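A quick write-up on the structure given underneath.
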Amino acid sequence: MDLNWFVCFLGAAVVAGTPLVLATLGELITEKSGSLNLGVEGMMYMGAIIGFTTGLQTGSPFFAFIGAALAGILGAMIFGFVTITLRANQIVTGLTLTMFGTGFAGFIGTPIIGERAPQKIIDTFVKVKLPLLGDIPVIGEIFFNQDYLVYLTYILIILVGFYLYKSRYGLNGTIVGENPKAADSLGISVIGYRYLHLAMGGALCGLAGGYLSLIYVPSWQDSMIAGRGWIAVALVIFSKWNPYRAYIGALFFGGLNIVGFRLQQFDLPVSTYLLDALPYLMTVIVLVFDSMRSKSRSHAPAGLGTPYFREER
Amino acid sequence: MARIVPLENCSMAKKVRIRVFAILMAFTLSGFLLLFLGHNPFEVYASMLDGGLGSSYRVKETLIRTIPFALTALGIGLSFRMKFWNIGGEGQIMMGACSATFIGLNFQQLPSFILLPLMAIAGMIGGGLWALIPAFLKVRYRTNETILTLMLNYVALKWITYLQYVLWRDHEAFGYPKIPNLVKNAQLPKIFGLHIGVLLVPILVIGIYLFITYTKKGYEIRVIGENEATARYAGMPTSKIILGTLFVSGGICGVVGMIQVAGVNMTLSIDVSNGVGYTAIIIAWLAQLNAIAILVVSFLFAVMVEGGSYIQTVFQIPQAAASLLQGLILFFVLGSEFFIKYRVIRDRKTRIVTEGEV
Amino acid sequence: MKKVLCLFAILLVLSPLFAGGAQEAEKEDEFKVGFVFTGPIGDNGWTQQHNAGRLAIENELGVATLYKESVPNTQESAKVMRDMIAQGAKMIFATSFGYMDYMLEVAAENPDVAFFHCGGYKNSENAVNYLGKMYQARYLSGIVAGLKTETNKLGYIAAFEIPEVVRGINAFTLGALSVNPEATVEVTWTHNWNDPPNEKEASFALIDNGCDVIAQHQTAPANLQAAEARGVWGVGYHADMNDSAPEACLTSPYWNWDPFYVAVTQEVMDGTWDANNYWGGMEDDVIRLAELGKNAPAEAAAIVEEVAASLVDGSFEVFAGPLYDNQGNMILADGESMDDFAKLGMGFLVEGVIGNIEN
């Protein structure tokens, strides 16, 4: 286990963490405004298939990812219409969205199974070493010798952080999530912000799906997402609704998820089956230690999961 | 401008109208999907019902499927009442199945009437302990239970995989990854053509209904669900109640695992739960945690799942289309609740203007 | 609560209305063949190849078929088989190991239906097992990989430590060693049949460790895509995966169920089926090696062709003595060969494989 091993491993962890962090950011924004959308897996599937088919049709990386984001938004809007406008239960609706999105992708994807993403898209997203930053020893190799979407993810994390903490709109959205009644009396549109945050969240989840189908795997397969949407839901809680911590969480989980393959080379006296459980066990352990240390209040938005109706007495 | 106001006392007839309309809408929309696939939607719907209820064999299969749905929903419903978001039904089923199988494989010389209760108790303990882990951490350190129960589902799945492929692999199976089948003694006897686990359903439905509605403990659970601080202020031992309830909640899921092993599959495999733990969440919510409603919704769900599976075989409808269809139906049913709980009133001013224009 | 009851009532009221139509759908009495699939048809691998065989039955014999995708390895599979028989299926192909006991249960209830289970070991009068000697083509692909490698380190990502997978790893290794005695094969277990992103990561782990040809026993061509992204090579499986990564793909051993499925269906229809197990190989064209890719070593084609011919005419056996496992134990002495029974339950890795089987 030399330095090179660690650099290779961490570089891979950055890639493995990228779809996770995109989806986690998406769910984080959504939850900040008070909607608990458990349909992340479904939106990722929708983004993955629409992104992939758009890519096949147009051959354009740009349109492919726009398509992926739009598909995610479509899923989020279905969720929004049913839970915000029609006021249905968020948890059931989210689970239904997962069922729907998985079916949607499988259905549309059947005729293009095994098809490969267009060469132009594959070529666009090869690893590119950034000037200067990429020359930093170790760090540069790990973080700044990646594909463009990884870089875009760095920017998105900062943008989301800026939006949530520094911009008026983001603060309004946060108030909606913490106390919709107060937001309403301040003249902030609860419904408007919840839709807005859902749409942004959906777009990010769609991008996460697109990353998997267009860059990570680059061909269409049925079991593309394989539970990563659920991990994203967990990572939001893990991150305490903080976009920067979300990145650390996604790297941590993404890394643990693939470290087993690399540890097998060392013939450890541990069953490889138990190594498979490592990411989940470690998440539990870190979470428990964290709560032991801080015994903190819940970081969840106070209004999370509860619908708000002005007219109700 | 339109306003939305809560609707008190929606009449039965109106509720029926709204639900029929919602389901018809869902069927219409998915009908286009089926037309697109080249099927006659009416034939498909007919055979969907046929697949769920069309013969005594099918009704039996639907009932067998209802059992794990209803029991698991009842189990996790208990913790939901306390606003303890236990989404670990899946893992609790697997761990219950695992400990029941352990007894079933190692004490197979025992007579049935001793072995089966032992297995059920083991299942209850296995599932219960698995649910106690997040409950304890939540009570002691306020660790988020949603993420814990979700992660523990994965840990349970990996554990069963390990058992199936390594630890408990049947050495007579030529290296195939298979846990030995349970012997006759360890299999649930049949009653009316169904395994005896079916009796648990009415017992638990009525038991839980009475428990929640009439007992002190049930009352305490409801209070904790309303407001934990109030409960503590009122002098209730909230931690103890949460731990106890979660043990029972997980224990019921664990018994489901035992039933699926000893009554349905006759062996333990990684497919033992196969999503029941997640479906049960939808069921528990749709039934608004009411024990009797859970039974009804579980049955309807079982009809939908059995019917959905049947049309795949009959019409070669891809599985993806079937889950798309189920998703659509659920969306419409969920959305239709709005028209039962609320009505839209248009302000008079607007109405006059519109009328004037007409 | 009431509303749920309502919903229920509606469904019950509507049911007779629908039931009339349903009986019509079931009246057909023609000969049908049912397929129980473990994954989706679109898995790009195992199930897709079985489905190709199903389509061959439809096209070549004009026989109607039924199928159901993603059937879990539980009692559920028995239900699906019964549904198919109720639809008129006279033959059932169950294409996953976990269906075996449930198939035998349904077979006992339906003595006039013929049952075929892919890759198991229990039989009855009307239920048999079938499988292909994939290891033959694996051996050939090992030859190609052994000639290609520059680092003499081959990688192999594999799902689970079961005999079918182990046989493939061993055959691949023996093939590589036959042309390149320096070669080693490093195995990484993924414990998942179908999770393309993780398969890709497992491949990267091997490539980072110096392997320059990655073979696989998974479902998707993720190993090839990983190899292509890193400028090394790979070997596909299940289908000819050349199109998934034309630069990296050296060749693919693959299943061709058509001849077996068509022939055995014809036999059952004619009443000449003898209810024997089937283990066909390249000699029956059930197993094939795909045409070598554009970056395959030039000298490989001739060697592969020669060895393939000797496999087909039976003059050469992949598993023959002297054979040692990677713990140094002798498995077969010089001149000994292995019977089908031992092959079917293979539970050791041959010398040259880096990796182990947990027990």
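Of all residues in the stretch B:182-223, those satisfying the criterion of being in a loop (DSSP other than H, G, I, E, B) and either modelled with pLDDT of 95 or more or under 26 Å from the mean Cα position of the chain (by Cα) (or both) are B:LEU182, B:GLN187, B:LEU188, B:PRO189, B:PHE192, B:GLY193, B:THR215. Scanning the stretch C:347-359 for residues that are surrounded by 16 or more Cβ atoms within 10 Å (Cβ to Cβ) and out of contact with any Gly (no Cβ under 7 Å at 6 or more places or on another chain) turns up C:PHE348, C:VAL350, C:GLU351, C:GLY352, C:VAL353, C:ILE354, C:GLY355, C:ASN356.
Is it the case, given these coordinates, that A:PHE63 is farther than 24 Å from A:LEU304 by Cβ and away from chain B (no Cβ under 14 Å)?
Details: farther than 24 Å from A:LEU304 by Cβ: yes; away from chain B (no Cβ under 14 Å): yes.
Yes.
Is it true that some residue in the stretch B:341-351 is touching a helix residue (DSSP H, G or I) at 6+ places or on another chain (Cβ under 6 Å), surrounded by fewer than 22 Cβ atoms within 10 Å (Cβ to Cβ) and either within 11 Å of chain A (Cβ to nearest Cβ) or aliphatic (A, V, I, L, M) (or both)? Scanning the stretch B:341-351 turns up no residue that is touching a helix residue (DSSP H, G or I) at 6+ places or on another chain (Cβ under 6 Å), surrounded by fewer than 22 Cβ atoms within 10 Å (Cβ to Cβ) and either within 11 Å of chain A (Cβ to nearest Cβ) or aliphatic (A, V, I, L, M) (or both). Which of the residues belonging to the stretch C:181-192 are at the interface with chain A (Cβ under 9 Å from one of its Cβ atoms) and either in contact with a Pro (Cβ under 6 Å, 6 or more places away or on another chain) or surrounded by fewer than 24 Cβ atoms within 10 Å (Cβ to Cβ) (or both)? Result: C:GLU186, C:HIS191, C:ASN192.
Only one residue in C:GLY293, C:GLY335 is more than 18 Å from C:THR173 (Cα to Cα), crowded, with 20+ Cβ neighbours inside 10 Å and out of contact with any Lys or Arg (no Cβ under 8 Å at 6 or more places or on another chain), so which one is that? Checking each option against the conditions leaves just C:GLY293.
Picking from residues in the stretch A:20-48 that are closer than 13 Å to A:GLY75 by Cβ and of a type in the set (Val, Ile, Thr), the one that is surrounded by the fewest Cβ atoms within 10 Å (Cβ to Cβ) is A:THR30.
Mind telling me which of the residues A:LEU70, A:LEU164, A:LEU171, A:LEU97 ends up being within 30 Å of B:ARG3 (Cβ to Cβ) and either touching a residue at least 60 places away in the same chain (Cβ under 8 Å) or outside any helix (DSSP H, G or I) (or both)? Give the steps one after another, and end with the answer.
Values: A:LEU70 fails: within 30 Å of B:ARG3 (Cβ to Cβ); A:LEU164 fails: within 30 Å of B:ARG3 (Cβ to Cβ); A:LEU171 fails: either touching a residue at least 60 places away in the same chain (Cβ under 8 Å) or outside any helix (DSSP H, G or I) (or both).
The unique qualifying residue is A:LEU97.
Scanning the stretch B:142-153 for residues that are in contact (Cβ under 8 Å) with a residue 12 or more places away in the chain and at the interface with chain A (Cβ under 8 Å from one of its Cβ atoms) gives B:THR146, B:LEU148, B:LEU150, B:LEU152. Comparison of B:LEU289, B:LEU328 shows that the only residue that is of a type in the set (A, V, I, L, M, F, W, C), in contact (Cβ under 8 Å) with a residue 40 or more places away in the chain, within 12 Å of chain A (Cβ to nearest Cβ) and more than 24 Å from B:ILE203 (Cα to Cα) is B:LEU328. Kindly indicate whether A:GLY255 is of a type outside the set (Phe, Trp, Tyr), under 21 Å from B:LEU152 (Cα atoms) and over 14 Å from the mean Cα position of the chain (by Cα). Judged against the criteria, A:GLY255 is a match. Residues in the stretch A:239-252 include none that are facing chain B (nearest Cβ under 8 Å), in contact (Cβ under 8 Å) with a residue 40 or more places away in the chain and within 20 Å of B:THR146 (Cβ to Cβ). For the stretch C:193-218, a residue qualifies if it is facing another protein chain (nearest Cβ under 8 Å) and over 11 Å from C:GLY155 (Cα atoms), and the qualifying residues are C:ASN194, C:ASP195, C:PRO196, C:PRO197, C:ASN198, C:LYS200, C:GLU201.
Only residues that are surrounded by fewer than 21 Cβ atoms within 10 Å (Cβ to Cβ) and either without any contact (Cβ under 8 Å) to a residue 40 or more places away in the chain or away from every other protein chain (no Cβ under 14 Å) (or both) were counted across the stretch C:105-125, and they come to 10. Only one of the numbered conditions (1) more than 10 Å from chain C (Cβ to nearest Cβ); (2) touching a residue at least 60 places away in the same chain (Cβ under 8 Å) is violated by B:VAL303, and that is (1). Screening the candidates C:ALA183, C:ALA159, C:ALA245 for the property of being modelled with pLDDT of 95 or more and not charged (D, E, K, R) yields one hit, C:ALA183.
Could you say whether any residue in the stretch A:214-236 is surrounded by fewer than 24 Cβ atoms within 10 Å (Cβ to Cβ), of a type in the set (Phe, Trp, Tyr), within 14 Å of chain B (Cβ to nearest Cβ) and in a helix (DSSP H, G or I)? Yes, that holds for at least one residue.
Taking the condition closer than 11 Å to A:GLY210 by Cβ, in contact (Cβ under 8 Å) with a residue 60 or more places away in the chain, part of a helix (DSSP H, G or I) and away from every other protein chain (no Cβ under 14 Å), does A:ALA48 pass?
no
Only a single criterion out of (1) at pLDDT below 95; (2) in a helix (DSSP H, G or I); (3) more than 7 Å from every other protein chain (Cβ to nearest Cβ); (4) within 23 Å of the chain's Cα centre (by Cα) is not satisfied by B:MET124, namely (1). Number of residues in the stretch C:143-158 that are in contact (Cβ under 8 Å) with a residue 60 or more places away in the chain and in contact with a Gly (Cβ under 9 Å, 6 or more places away or on another chain): the value is 8. Once the stretch A:100-111 is narrowed to residues that are crowded, with 24+ Cβ neighbours inside 10 Å and facing chain B (nearest Cβ under 7 Å), the residue that is farthest from A:GLY34 (Cα to Cα) is A:GLY106. Residue-level analysis places B:VAL139 among those that are more than 7 Å from every other protein chain (Cβ to nearest Cβ), touching a residue at least 24 places away in the same chain (Cβ under 8 Å) and either under 19 Å from C:THR190 (Cβ atoms) or surrounded by fewer than 21 Cβ atoms within 10 Å (Cβ to Cβ) (or both). Based on this model, can you work out whether C:VAL144 counts as in a helix (DSSP H, G or I), at pLDDT 95 or above and buried (at least 24 other Cβ atoms within 10 Å of the Cβ)? Judged against the criteria, C:VAL144 is a match. Listed residues B:ALA70, B:ALA2; which is touching a strand residue (DSSP E or B) at 6+ places or on another chain (Cβ under 6 Å), among the hydrophobic types (A, V, I, L, M, F, W, C) and either within 30 Å of B:ARG343 (Cβ to Cβ) or at pLDDT 90 or above (or both)? From the options B:ALA70, B:ALA2, the qualifying one is B:ALA2.
Given the criteria away from chain C (no Cβ under 12 Å) and surrounded by 24 or more Cβ atoms within 10 Å (Cβ to Cβ), does B:GLY91 qualify? Spelling it out, B:GLY91 is indeed away from chain C (no Cβ under 12 Å) and surrounded by 24 or more Cβ atoms within 10 Å (Cβ to Cβ). None of A:LEU281, A:LEU263 is closer than 22 Å to B:LEU148 by Cβ and assigned to a helix (DSSP H, G or I) except A:LEU281. The set of residues from the stretch B:94-106 being over 16 Å from B:ASP170 (Cα atoms) and either of a type in the set (Ser, Thr, Tyr) or outside any helix (DSSP H, G or I) (or both) comprises just one member, B:SER99.
The values are calculated or read from the model by the stated rules, or taken from the named source; none is laboratory data. Please read these numbers as outputs of a predicted model, since none were measured by experiment. A quick note on method: Cβ atoms are made from the backbone with ideal geometry, for glycine too, and the neighbour counts reach across all protein chains shown.
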